[in-house]
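The values are calculated or read from the model by the stated rules, or taken from the named source; none is laboratory data. Owing to the predicted nature of the structure, the values given are computational and were not obtained by experimental measurement. Cβ atoms come from the backbone with ideal geometry, glycine included; neighbour counts cover every protein chain shown.
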Amino acid sequence: MNAMKIGIAGLGTVGGGVAKGLRVHGEMLDARAGTPLELVAVCDRDPAKREAFDAPAKLDDIKALAASKADLIVELIGGENGAAPMLVEEALKAGKHVVTANKAMMARHGARLAALAEKNGRALKFEAAVAGGIPIVKSLRESLIVNGIKAVRGILNGTCNYILTQMEATGRSFDDVLKDAQALGYAEADPELDVGGGDTAHKLALLTALAFGVAPDLDAVSVQGIRAITPDDISFAREFGYRIKLLGIARQTDNGIIQRVQPAMVCAGTPLADVDGVLNGVVVNANEAGPFFFEGRGAGEYPTANAVIADIVDIARGNVGSVFGVPAASLSALSPAPAAGASSAFYLRFQVLDVPGVLAEIASHLAKWRVSIESMIQRGRAPGEAVSIVMITHETTYAAVEGALQTIAGTSNVVAPPVKIPMEAK
Ligand code: NDP
Ligand code: HSE
């Protein structure tokens, strides 16, 4: 029986996990694949990492890997541009299958790489690129295909969810908890991608493509990260019966597709609110087929390596198929819904000087923009300190809230930029 010969590029957290997984579970994986899986080459620029794995070819150059005798290349070096897409292109052109965990590359170049893979009759699989160990890519590509999908919403970044959960549980600072997430191997090489929302945007662009049959369109995602979230916001959220989560939301509307990454108030007791720590969660609203909820580990060596290995086994079994579930040539261009028309209820926090009339002034500006207040909390203060005024609004448009906040931010008693967080519908 012909073996499936595998070459791995990048022997860091995920690549190391894949090489180990192939070795430790070799016999079971061969049985599942129906053919032996043979690691024939590893490639990393660090000689110590190359030496740590047992493979006939230990390479430091991705070009040599693309030209090696591997049938399948696993790209785990990362990066939107440069070496990663170069390796994938060369490998596909050389007639090799490719498995990757690289959401940045797939979100930016996915449509083009898919066309190249399909032209060459080769697989390009990326299960690990979205939500780590959760099999959401395969589910959207191959299972939830009949009833049409209305929306996909998820907690897609383990680092951010870990940080928000730890801040809530321990009251520790954002920077302190971020260091832990880096040490645990959850964060990207550039953690700004995590906390700034860019990593969630990459994953969301891929989910949108799979759910709605469009080419991934990263530029159409509106992105806001979690850096501005304070322990105060987290504790106010709890008082109102909510938890703050960084969500990626893709929704089909009559006016086009909405793609947003934003911290959101998620009602306590609903499935996404209970997704804690490094776990990810995804809700798929699939019309008559009903809502589906997926939860699992979204980052780290083992869950991610598991998803990569599952793709390898899938290819070894002969499941090549279309990269995004429909032929690359028929992926349509995404038509984005106009941002200003979107609506939501909002949590608003104003940091103000506690002087007579300050609340009336804020309320009057909100009223001018027809933003109606549902409930409000004002916390006591130590003498001389600014106070927080916190409100939940009724449903209104993003445009109205942004207009009102811009005016309020310019008034003399408001001492910090106002915070707005949309309330996620149940
Ligand atoms: P790491 O930084 O741990 O590993 C990447 C490895 O690739 C490093 O050893 C790096 O070397 C090496 N490398 C980088 N460029 C080259 C090159 N040109 N030639 C040879 N080797 C190179 O990253 P991760 O394992 O964490 O991530 C890999 C991919 O998986 C990324 O796309 C990431 O987004 C994705 N991913 C990661 C998850 C995680 O939990 N970590 C989860 C899901 C996806 P050096 O150290 O010298 O830079
Ligand atoms: N940095 C990413 C995260 C890795 O924290 O979710 C998984 O994609």
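Look at the stretch 44-90 and say how many of its residues are in a loop (DSSP other than H, G, I, E, B), more than 21 Å from residue 103 (Cα to Cα), of a type outside the set (Gly, Ala, Ser) and out of contact with any Leu (no Cβ under 7 Å at 6 or more places or on another chain).
Going through the stretch 44-90, the residues in a loop (DSSP other than H, G, I, E, B) turn out to be 44-46, 52-56, 60-61, 67-71, 76-82.
Next, only the ones that are more than 21 Å from residue 103 (Cα to Cα) stay: 45-46, 52-56, 60-61, 67-71.
Applying the additional criterion that residues be of a type outside the set (Gly, Ala, Ser) yields 45-46, 53-54, 56, 60-61, 69, 71.
Those still in the list that are out of contact with any Leu (no Cβ under 7 Å at 6 or more places or on another chain) too: 45-46, 54, 56, 60-61, 69, 71.
Selection size over the stretch 44-90: 8.
Considering the stretch 143-165 alone, what residues qualify as being more than 15 Å from ligand 1 (Cβ to nearest atom) and either touching a strand residue (DSSP E or B) at 6+ places or on another chain (Cβ under 7 Å) or at pLDDT 95 or above (or both)?
Scanning the stretch 143-165 gives 144, 149, 150, 151, 152, 153, 164, 165.
Of the residues 105, 86, which single one is more than 20 Å from residue 315 (Cα to Cα), within 16 Å of ligand 1 (Cβ to nearest atom) and surrounded by fewer than 24 Cβ atoms within 10 Å (Cβ to Cβ)?
Exactly one of 105, 86 is more than 20 Å from residue 315 (Cα to Cα), within 16 Å of ligand 1 (Cβ to nearest atom) and surrounded by fewer than 24 Cβ atoms within 10 Å (Cβ to Cβ), namely 86.
Give the number of residues within the stretch 198-250 that are within 16 Å of ligand 2 (Cβ to nearest atom), outside any loop (DSSP other than H, G, I, E, B), among the small types (Gly, Ala, Ser) and closer than 26 Å to residue 347 by Cβ.
The total comes to 3.
Out of the stretch 281-309, which residues are within 13 Å of ligand 1 (Cβ to nearest atom) and touching a Pro at 6+ places or on another chain (Cβ under 9 Å)?
296, 297, 307
Only one of (1) at pLDDT below 95; (2) under 17 Å from the mean Cα position of the chain (by Cα) is not met by residue 273, so which one is it?
(1)
Does the stretch 282-290 include one or more residues that are surrounded by fewer than 19 Cβ atoms within 10 Å (Cβ to Cβ), more than 12 Å from ligand 2 (Cβ to nearest atom), touching a residue at least 12 places away in the same chain (Cβ under 8 Å) and among the hydrophobic types (A, V, I, L, M, F, W, C)?
Taking every residue of the stretch 282-290 in turn, at least one turns out to be surrounded by fewer than 19 Cβ atoms within 10 Å (Cβ to Cβ), more than 12 Å from ligand 2 (Cβ to nearest atom), touching a residue at least 12 places away in the same chain (Cβ under 8 Å) and among the hydrophobic types (A, V, I, L, M, F, W, C).
Kindly provide the set of residues from the stretch 67-87 that are of a type in the set (D, E, K, R) and either away from ligand 2 (no atom under 16 Å from the Cβ) or over 23 Å from the mean Cα position of the chain (by Cα) (or both), ordered by number.
Correct list: 69, 71.
Of the numbered conditions (1) surrounded by 21 or more Cβ atoms within 10 Å (Cβ to Cβ); (2) within 21 Å of residue 309 (Cβ to Cβ), residue 135 fails exactly one; give the number of that condition.
Every listed condition holds for residue 135 apart from (1).
Can you list residue pairs whose Cβ atoms sit under 6 Å apart, with the first residue in the stretch 178-192 being under 15 Å from residue 226 (Cα atoms) and near ligand 2 (Cβ under 10 Å from one of its atoms) and the second being in a loop (DSSP other than H, G, I, E, B) and at pLDDT below 90? Count only pairs 6 or more apart in sequence or on different chains.
181/187
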